[in-house]
1. From the list Phe35, Phe85, which residue is farther than 19 Å from Ile156 by Cα and either aromatic (Phe, Trp, Tyr) or touching a strand residue (DSSP E or B) at 6+ places or on another chain (Cβ under 6 Å) (or both)?
2. Are any of the residues in segment 103-111 modelled with pLDDT of 95 or more and part of a helix (DSSP H, G or I)?
3. Looking at (1) more than 27 Å from Leu136 (Cβ to Cβ); (2) at pLDDT 95 or above; (3) not in a helix (DSSP H, G or I), which is the one condition that is false for Gly89?
4. Scan segment 112-144 for residues that are part of a helix (DSSP H, G or I) and of a type in the set (S, T, N, Q) and report the count.
5. Kindly list the number of the only condition in (1) at pLDDT below 95; (2) under 20 Å from Lys66 (Cα atoms); (3) of a type outside the set (A, V, I, L, M) that fails for Pro204.
6. Would you point out which residue out of Val214, Val164, Val187 is touching a residue at least 12 places away in the same chain (Cβ under 8 Å), of a type in the set (A, V, I, L, M) and closer than 14 Å to Ala61 by Cβ?
7. Among the residues of segment 24-33, how many are in a helix (DSSP H, G or I) and surrounded by fewer than 24 Cβ atoms within 10 Å (Cβ to Cβ)?
8. Consider Thr173 against the criteria (1) buried (at least 17 other Cβ atoms within 10 Å of the Cβ); (2) assigned to a helix (DSSP H, G or I): it satisfies all of them except one. Which criterion is unmet?
Amino acid sequence: MKKYIAEFIGTFTLVLFGTGIAVITGNFLAIALAFGLAIITSAYVIGDISGCHVNPAVSLAMLINKKISLKDFCGYVVAQIAGAFAGTGILYLILKSLEVPGITTSNLGANGYGALSLTNITLLGAIITEVILTFLFIYTILGVTSDEKKSNVAGIVIGLTLVVVHLLGVGLTGTSVNPARSLAPAVVQGGEALKQVWVFILAPFVGAIFASCVFKFLNGKTK
């Protein structure tokens, strides 16, 4: 149970700070750092408890590589989604209490393409972007966590990788690479964001599967 609670807390932190800073500042660098630093801090707090997945796509990769059981995968995903909704819920309450022009509860940091994208990226472009970004993120995670010698720096490497992923992805799709992070804001925000959320659930899972297969082929089975 402790590991599920840890995943809830980690995902809550990621979504609240990541999407919160995205909505309030709109600054690419600030957004990227928010997501990356949230992962780094969580990794060194809950890493020894649950592994700090805080992302269903990461948990899927770990399941494929036999690092967690199917039971734990299901428990992790439920906890992650719950944490994401909690984070979005708190953000909603915070935004509702503000009286700042341009900042409303109609924007909760949901991902999107077309009119919901800063660059008006197409549906195909969004899918390709999310698959590639998730692949790179998950492949890095698998690589750095497969070697015990890298355990001390794993959290930093993973966090910095997420920063780089966001620096490219924010202007395109808002950067998902995390189905839980995308689902909660889309459901609460509703409208077109909810109609598009399937892309940001499916693409990260595809990217995770791709990364797992490539890792097994190039790096061999994890210990």
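1. Values: Phe35 fails: farther than 19 Å from Ile156 by Cα.
Checking each option against the conditions leaves just Phe85.
2. no
3. (3)
4. So the answer is 3.
5. (1)
6. Of the residues listed, the single one that is touching a residue at least 12 places away in the same chain (Cβ under 8 Å), of a type in the set (A, V, I, L, M) and closer than 14 Å to Ala61 by Cβ is Val214.
7. Result for segment 24-33: 6.
8. (2)
The values are calculated or read from the model by the stated rules, or taken from the named source; none is laboratory data. This is a predicted model, so every value here is computed, not measured. Note: ideal-geometry Cβ built from the backbone for every residue, glycine included; neighbour counts use all protein chains shown.
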